[in-house]
């Protein structure tokens with residue numbers, strides 16, 4: 001509980017530390033201690049340069065702290081899934097910047113590779129949100145809905161499953177089918193523009 005008094009703040013759950021850190025900023029160091037090493041491992045699998053890895057992790061922690069007011073505990077969802085989503089978004093932004101600067105490397109983290117594939121397919125041919133929506137309306141409603149929630153609204157698989165009353169595995173499979181349908185429509189659209 002948020003109001004729970006403890007002699008050792010290290011014993012508090014992540015969510016409680018995040019909420020209390022808004023008025024007691026020193027508590028945030030306990031979240032950094034818990035997540036720093038796993039965050040570094042995750043980002044090292046995406047970006048090679050140690051300085052970039054350090055900046056991504058630091059930026060992610062700053063965003064987590066700044067966005068603490070937006071965190072909403074939800075049944076079945078954890079602080080860590082929310083925090084890792086922020087980390088992946090931050091890593092993706094840095095990855096894109098490095099690619100624009102001509103950096104060549106291979107991200108090896110499977111979760112990031114899936115994230116990257118969809119982000120790049122959603123941004124193919126400099127598509128803006130309106131263009132993406134034009135493709136989504138051509139897709140079956142069930143597929144478009146999960147794709148919209150997961151990639152445009154940044155919902156986790158678990159959160160989508162809870163909102164639809166389905167299990168996480170079903171949602172993952174539906175998102176996989178939705179990505180394939182989206183790519184097929186994009187490929188068709190690009191072919192049409194060449195004719």
Original post:
Full extension from residue 23 to residue 8: what is 0.36 nm times the residue separation minus their Cα-Cα distance, to one decimal in nm?
Top reply: 3.7 nm
Subject >> Virtual spin-label span in nm between residue 63 and residue 89, 7 Å along Cα→Cβ >> reply: 0.6 nm
Original post:
For residue 134 and residue 180, what does the FRET efficiency come to when R0 = 25 Å and r is the distance between their Cβ atoms, rounded to the nearest 0.05?
Top reply: 0.85
Original post:
Which length gain, in nm to one decimal place, applies between residue 99 and residue 54 when the Cα-Cα distance is subtracted from 0.36 nm times their residue separation?
Top reply: 14.4 nm
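Each value in this text was obtained by applying a stated rule to the coordinates, not by laboratory testing. None of these values were measured; they are calculated from a predicted model. Methodologically, a virtual Cβ is constructed for each residue, glycine included, from the backbone with ideal geometry; neighbour enumeration extends over all protein chains shown.
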